[in-house]
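Q: Right, I'll just put the structure down here and ask away after.
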Amino acid sequence: MRLLAVDIGNTNVTMALLEDGHVRECRRMETDCPQEADYARTATALTSRWGPVDGAALCSVVPERTELLCRALRHTTGHEPLVVRWDTPAGLTLDIPQPELLGTDILTADAAAAEDYPLPVIVCDFGTATTVTVVDERRHYRGGAILAGIRLGLEALFSGTAQLPDIRLRAPDRVICGQTEESLLSGALYGAAAMTEGLAQRMEQELGCPCTLVLTGGLGRFVAPLCRREAVYDEDLLLRGLWKRYTANCPSADKP
C-alpha cells in the first residue's frame, strides 16, 4: 500500500510518499509561501515517480493551511485525506488536562514512538519549537516541556545584535570556543544536547524508572551525536505515525 503523508508545521510543510510503512521519498516546502498549486505539483511529482497512492493522511499545527492541503490532496490522489486530530484514536490515553489543545504532530509522533520503542519513552522533537514529551509504561501520554527551537534561539540573537552573523548549523569540535560563530554553534547545539540529557534525567526521576530516549525533527540530527547518554535519532517518526494512524482508522486500508 502507498500513502501520501503530509505534516504542516509552523515553518515547513513536509510531504512524503510511504510504501508499506517505509518512507520512499520526502519533500519540504515553506509553510507560508506556496499556494495550492505548489502543493499539488509536489504531490503529483511524488505520485508520478512512485505510482498512484491508496490514500492520504495529514496532521497540521497551522489550521489556515489545512483545507488548502486537503484540496490539493483530493485533486492529486482522488482520495479524501485522513486529517489527524487530537481525538483521532492513537492507542494512547491522553492523561493531561485539555487534551484538545495537544498538537497533532506531538500526538502522532509519540503514538509511533510508543509502538516502536520500549516504554516508557521520552520523545524530543527538534523543530520550530523543541518539545520533550513522555509516554509512560501504561501508554499514557503524560505531557512534557516546550522550549524555543534551536534556529529560533539563534534568530533571536541575530535580530537583537547587529554584529552577529547568520550561520550554517554544524557542531564545533569542542564546547569552549574562541570565535563568535563557533561559540554560537556551541551554545545552540551542545546546549541542546545538555538540555536533552538534563530534562530526560529529571523526567526519569519523576517517573521513577529509566526511559527510552528518541530524538526526531529536522534539527535532531545535529543533537543526537552530541548526547552523552544512549539516544536514538528517528527522522521519519512522525511520518510513520501518520501511516499508523491511517491504517488504524481507515477500514479500507490494506494493512502491511
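The values are calculated or read from the model by the stated rules, or taken from the named source; none is laboratory data. Keep in mind that this is a model prediction, so the values were computed, not measured. All Cβ positions, even for glycine, are placed from backbone atoms using ideal geometry, and neighbour counts span all protein chains on display. Accessible surface areas use protein heavy atoms only, side chains included; no ligands, DNA or RNA. Shrake-Rupley method; radii C 1.70, N 1.55, O 1.52, S 1.80 Å.
Q: DSSP loop (so not H, G, I, E, B), at most 12 other Cβ within 10 Å: list which trypsin sites (Lys or Arg not before Pro) in the range 207-252 pass both filters.
A: Answer by residue number: R228, R229.
Q: Where does helix 63-77 land angle-wise versus the long Cα axis of the chain, in degrees 0 to 90, nearest 10?
A: 50 degrees
Q: Over the range 34-115, with every protein chain in place, what whole percent of the accessible area is carbon and sulfur at 1.4 Å, could you tell me?
A: Solvent-exposed carbon and sulfur of the range 34-115 make up 51 percent of the total.
Q: Cα axis of helix 237-249 to longest principal axis of the chain: angle in degrees, 0 to 90, nearest 10?
A: Result, in degrees: 30.
Q: Turning to a different aspect of this structure: Using each residue's phi in the range 220-227, evaluate 6.51 cos²θ - 1.76 cosθ + 1.60 at θ = phi - 60° and report the 3J(HN,Hα) Karplus result to the nearest Hz, with x for Gly and Pro.
A: Here the 3J(HN,Hα) series is x, 5, 7, 8, 3, x, 8, 6 Hz.
Q: With every protein chain present, what is the per residue accessible area of the chain (1.4 Å probe, Å²)? All intermediate terms of the calculation are to be shown ahead of the outcome.
A: Numbers: 12490 Å² over 256 residues.
Solvent-accessible surface per residue comes out at 49 Å².
Q: Quick check: the angle from helix 36-50's long axis to the longest principal axis of the chain, C-alpha only, nearest 10 degrees?
A: Approximately 80 degrees, to the nearest ten.
Q: Still on this model: Quick one: if you stick a label point 7 Å off each Cα along the C-beta vector at R138 and C177, how many nm between them?
A: Placing both labels 7 Å along Cα→Cβ, they lie 4.5 nm apart.
Q: Follow-up. Set the Förster radius R0 to 41 Å, insert the Cβ-Cβ distance between D95 and R74 as r into 1/(1 + (r/R0)^6), and round the FRET efficiency to 0.05.
A: Working: r = 35 Å, r/R0 = 0.86.
The computed FRET efficiency comes out at 0.70.
Q: To the nearest whole percent, what portion of all C-alpha pairs in the chain is separated by more than 35 angstrom? Write out the running numbers ahead of the final one.
A: Values: 5932 of 32640 pairs.
Value for the chain: 18 percent of Cα pairs lie more than 35 Å apart.
Q: Another question about this same structure. Using amide H atoms built in the peptide plane, which far-off residues or other-chain residues are under 5 Å from L82 H to H?
A: Amide H neighbours of L82: A56, A57, L58.
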